[in-house]
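Peer 1: Please read through the structure below; I'll follow up with questions.
The values are calculated or read from the model by the stated rules, or taken from the named source; none is laboratory data. This one's a predicted model, so the numbers in the text were calculated from it and none came from an experiment. Protein only, heavy atoms only, side chains kept; ligands, DNA and RNA dropped before computing areas. Shrake-Rupley method; radii C 1.70, N 1.55, O 1.52, S 1.80 Å.
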Amino acid sequence: MIFWLPIFLLLFFLTVQATFAEMGVVRYSLLAISTHTIIVFVFFTDHPLTWFIYILTIQMWALFVVTLYRRNKWREGKLI
């Protein structure tokens, strides 16, 4: 089970992030990706799937940036 734990963790946080990104709530999307990144770097640095998890974490950050610019909140000065 420990082998698949980071994949399930990633799927959970990606679902939370994508849900809030679709609703346009940027702050919770940022909270989800930040929490996931911290958990990955603290607990899963020696995991066999480390590079796979890092690549998917980078994709989650890309989703956050796209959501941020898509919502046009950066033009109003309300990033979070």
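Peer 1: I'd like the full set of residues that are outside any helix (DSSP H, G or I) and either modelled with pLDDT under 80 or open to solvent by 100 Å² or more (accessible area, probe 1.4 Å) (or both), limited to region 49-80.
Peer 2: R71, N72, G77, K78, L79, I80
Peer 1: While we're on this one: Pull up region 1-48, narrow it to residues that are in a loop (DSSP other than H, G, I, E, B) and closer than 26 Å to Y69 by Cα, then point me to the one that is least open to solvent (accessible area, probe 1.4 Å).
Peer 2: Among residues in region 1-48 that are in a loop (DSSP other than H, G, I, E, B) and closer than 26 Å to Y69 by Cα, the one least open to solvent (accessible area, probe 1.4 Å) is G24.
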